[in-house]
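Taking it in order: structure first as structure tokens, then the write-up.
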Amino acid sequence: MAWNEPGGNRNDNDPWGTGGGRGGNDKGPPDLDEALKKGLDKLNRLLGGKKGNKSGSGGGSSGSGGSGGGFGAVLAIAGIVFVGYVIFQSFYTVDEQERAVVLRFGEYHQTENPGLRLKVPLIDDVTKVRVTNVRSAQSRGQMLTEDENLVSVDLQVQYRVDSARDYVLNVRDSNEALAYATDSALRHEVGSSTLDQVLTEGRAELAVRVEQRLQGFLEEYGTGLQIVRVNVESTQPPEAVQDAFREVQRAREDEQRVKEEAETYRNKVVPEARGQAQRLTEEAMAYKEEVIERARGETARFTELLSVYQTAPEVTRDRMYIAAMENVLSSTSKVLVDTESSNNMMYLPLDKLMNREGRPAGSSSSKGQGNSSGMEQDLGSLTDQVIQEIRSRQDNTGVRRGR
């Protein structure tokens, strides 16, 4: 027989074990209303309330006690939730990369460092700011240079938060203030430079000057930002004149190339010229010393000759005359002699006279250079021949006059 058939009274056939009533073994799921009522009663007893009377005479007071117990339970739950919220809101954590700016009643109180911190809920307002990471901002625009030319400049600014207090309190939007300050500093510096400086070698200097001026603006505004680096990414003329500027740039490159070639040539020629100048200077110094020493030798020789001349003037004069004639006649092959006895001038071909003796024309000079004794013998023989030639010509002249 099924457990729910009529007439069945066996309790073990009930799958919930209730046996059709609550007087049996309570093995089924609890009643929600009863469980909630029991919980409220326990909470009411904990808060000091009285348990409701189950008799009929105390029915009215039991209803009023249950109502009061329910309101107290709500208040208790609300108090627990409020206390939990207050405890949860009283603690906060500041990361290593952050600083926390604490405002109490809307006024600056302090700046907290990294760690677990305590605050007063609903009174303190905490704003966390990252101060270690480097941020970047871009600025781009066309502007006039000092020589009234248009140029397009792309600029990148890298910055970080230096003062969390100033970053939060002094300026409503520090990033927007940075953008305005960057544009102002860039236009001021570009307006103070020529187009050639902005496009070529002045770009690095432009970035440094913009960084210095921008940092001054940010400190004056009190933004709490610090500039890390300013990079001028590109500077170029307007598109309408870019071809002309490229031509100018190529001309400048050619100019630089020619300058480098000229410098290379200069580095090659100048040392050679200096070496030649040094050589000429040394040769001139050597010639100077040679002339001075020769002059000193001539002076010493003349001084000695003067002393000898003072001792025997005639002998010394004759020897000097003979030496001078030897010096003169040794380098000539023809001699003209003017005699006192006649008006005729005698011509003596010394080269032919030397050839008659069977010697070459230049033998006397070569021997004179090699050996002084041989030269004296040649001069002696030549002198004898000259004297004989003169005597024969004088004899022939006398015979002609006699006739």
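Looking at segment 183-211 only, could you name the residues that are closer than 13 Å to Val230 by Cα and in contact with a Gly (Cβ under 9 Å, 6 or more places away or on another chain)? Once the filter is applied, which keeps residues that are closer than 13 Å to Val230 by Cα and in contact with a Gly (Cβ under 9 Å, 6 or more places away or on another chain), segment 183-211 yields Asp183, Ala185, Leu186.
Within segment 300-321, residues that are in contact (Cβ under 8 Å) with a residue 24 or more places away in the chain and assigned to a helix (DSSP H, G or I) reach no partner that is open to solvent by 90 Å² or more (accessible area, probe 1.4 Å) and of a type in the set (A, V, I, L, M, F, W, C) with beta carbons closer than 9 Å at six or more positions or on different chains.
Among the residues of segment 278-292, is any in a helix (DSSP H, G or I), free of Cβ contacts under 8 Å to residues at least 12 places away in the same chain, open to solvent by 60 Å² or more (accessible area, probe 1.4 Å) and under 30 Å from Ser381 (Cα atoms)? The answer is no; no qualifying residue exists.
Residues of segment 196-248 that are farther than 21 Å from Thr132 by Cα and of a type in the set (Lys, Arg): Arg203, Arg209, Arg213, Arg246. The single condition from (1) surrounded by 16 or more Cβ atoms within 10 Å (Cβ to Cβ); (2) over 17 Å from Ala177 (Cβ atoms) that Ala240 fails is (1).
Being exposed (fewer than 10 other Cβ atoms within 10 Å of the Cβ) and either among the acidic types (Asp, Glu) or modelled with pLDDT of 65 or more (or both), is that true of even one residue in segment 339-347? Yes, there is a match, as at least one residue in segment 339-347 is exposed (fewer than 10 other Cβ atoms within 10 Å of the Cβ) and either among the acidic types (Asp, Glu) or modelled with pLDDT of 65 or more (or both).
Being open to solvent by less than 80 Å² (accessible area, probe 1.4 Å), more than 57 Å from the chain's Cα centre (by Cα) and of a type in the set (S, T, N, Q): is that true of Ser331 here? No; evaluated as a whole, the condition is false for this residue. In the set (1) part of a helix (DSSP H, G or I); (2) open to solvent by 60 Å² or more (accessible area, probe 1.4 Å); (3) within 30 Å of Arg250 (Cβ to Cβ), the condition left unmet by Val198 is number (2).
Has segment 207-216 got any residue that is touching a helix residue (DSSP H, G or I) at 6+ places or on another chain (Cβ under 7 Å) and farther than 27 Å from Gln249 by Cβ? Yes: segment 207-216 contains one or more residues that are touching a helix residue (DSSP H, G or I) at 6+ places or on another chain (Cβ under 7 Å) and farther than 27 Å from Gln249 by Cβ. Suppose we keep only residues that are acidic (Asp, Glu) and surrounded by 13 or more Cβ atoms within 10 Å (Cβ to Cβ) within segment 74-115. Which one would you say is farthest from Asn133 (Cα to Cα)? The selected residue is Glu112. Restricting to segment 243-273, count the residues that are of a type in the set (Lys, Arg) and open to solvent by less than 80 Å² (accessible area, probe 1.4 Å). Result for segment 243-273: 1.
For segment 167-182, what are the residues that are surrounded by 14 or more Cβ atoms within 10 Å (Cβ to Cβ) and over 16 Å from Val230 (Cα atoms)? Of everything in segment 167-182, those that are surrounded by 14 or more Cβ atoms within 10 Å (Cβ to Cβ) and over 16 Å from Val230 (Cα atoms) turn out to be Tyr167, Val168, Leu169, Asn170, Val171, Ser174, Ala177.
Against the conditions (1) under 30 Å from Ser381 (Cβ atoms); (2) open to solvent by 100 Å² or more (accessible area, probe 1.4 Å), Ile322 satisfies every one except (2). Within segment 170-182, the only residue that satisfies the criterion of being closer than 24 Å to Asn149 by Cα and in contact with a Ser or Thr (Cβ under 6 Å, 6 or more places away or on another chain) is Thr182.
Within segment 118-142, the residues that satisfy the criterion of being open to solvent by 70 Å² or more (accessible area, probe 1.4 Å), farther than 30 Å from Val210 by Cβ and in a strand (DSSP E or B) are Leu118, Asp125, Lys128. So, Val102, is that one modelled with pLDDT of 85 or more and of a type outside the set (Phe, Trp, Tyr) or not? Yes; evaluated as a whole, the condition is true for this residue. Only one of the numbered conditions (1) free of Cβ contacts under 8 Å to residues at least 60 places away in the same chain; (2) open to solvent by 20 Å² or more (accessible area, probe 1.4 Å); (3) outside any helix (DSSP H, G or I) is violated by Glu233, and that is (1).
The values are calculated or read from the model by the stated rules, or taken from the named source; none is laboratory data. The structure displayed is predicted, hence computed values, not measured ones. Note: ideal-geometry Cβ built from the backbone for every residue, glycine included; neighbour counts use all protein chains shown. Areas reflect the complete protein model, heavy atoms only, side chains present, ligands, DNA and RNA absent. Shrake-Rupley method; radii C 1.70, N 1.55, O 1.52, S 1.80 Å.
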